[in-house]
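Okay, structure first, notes after.
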Amino acid sequence: MLKKYSVEYSVRLHRHVVPEHHFYSTDDPVTCEEFVQDLLEQGMGIHGIRHDGVDLLRPDFDRIVKLAAGAIASKRICTSLNIRPEEEHYRFGFAA
């Protein structure tokens, strides 16, 4: 059975080597967003995100990446400044 969400990614080891693509699949949109967040934090290549086997349109793809990047920024600000997510959201606007 086809999973609802599929992320195509690769590990970037060397600049001159073609990376091997891997796939991660889940039925949960939040889990998909968290996986994309992990990929961004680790500097992995994100080659595509699919929903029900169809590539997401650019605005939907960008929305997922933007949410993941915002969550990363929020966590780092809270850790670095030793503040709660509520204060981070008020001051910087990243946290939900």
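The values are calculated or read from the model by the stated rules, or taken from the named source; none is laboratory data. For clarity, every value in this text was computed on a predicted model and none was experimentally measured. Here Cβ is always computed from backbone atoms with ideal geometry, including for glycine, and neighbour counts include all displayed protein chains.
A few notes on this one:
- Residue count for the range 1-35, restricted to those that are touching a Leu at 6+ places or on another chain (Cβ under 8 Å) and among the hydrophobic types (A, V, I, L, M, F, W, C): 1
- Those residues of the range 33-45 which are in contact with a strand residue (DSSP E or B) (Cβ under 6 Å, 6 or more places away or on another chain) and at pLDDT 95 or above, in sequence order: Phe35, Leu39
- The lone exception for Arg84 - which of (1) surrounded by 13 or more Cβ atoms within 10 Å (Cβ to Cβ); (2) touching a helix residue (DSSP H, G or I) at 6+ places or on another chain (Cβ under 9 Å) it fails: (1)
- Selected residue (criterion: surrounded by the fewest Cβ atoms within 10 Å (Cβ to Cβ)) from residues of the range 7-61 that are among the aliphatic types (A, V, I, L, M) and in contact (Cβ under 8 Å) with a residue 24 or more places away in the chain: Val11
- Residue check, Glu34 charged (D, E, K, R) and under 22 Å from Ala73 (Cα atoms): yes
- For the range 6-29, the count of residues that are modelled with pLDDT under 95, part of a helix (DSSP H, G or I) and not polar (S, T, N, Q) is at least one.
- Of all the numbered requirements in (1) closer than 15 Å to Ser10 by Cβ; (2) part of a helix (DSSP H, G or I); (3) small (Gly, Ala, Ser), Gly48 misses one, and that requirement is (2).
- Taking first residues from the range 64-84 that are farther than 20 Å from Glu8 by Cβ and partners that are of a type in the set (A, V, I, L, M), the Cβ contacts under 7 Å between residues at least 6 apart in sequence or on separate chains come to Ile72/Leu40; Ser74/Ala95.
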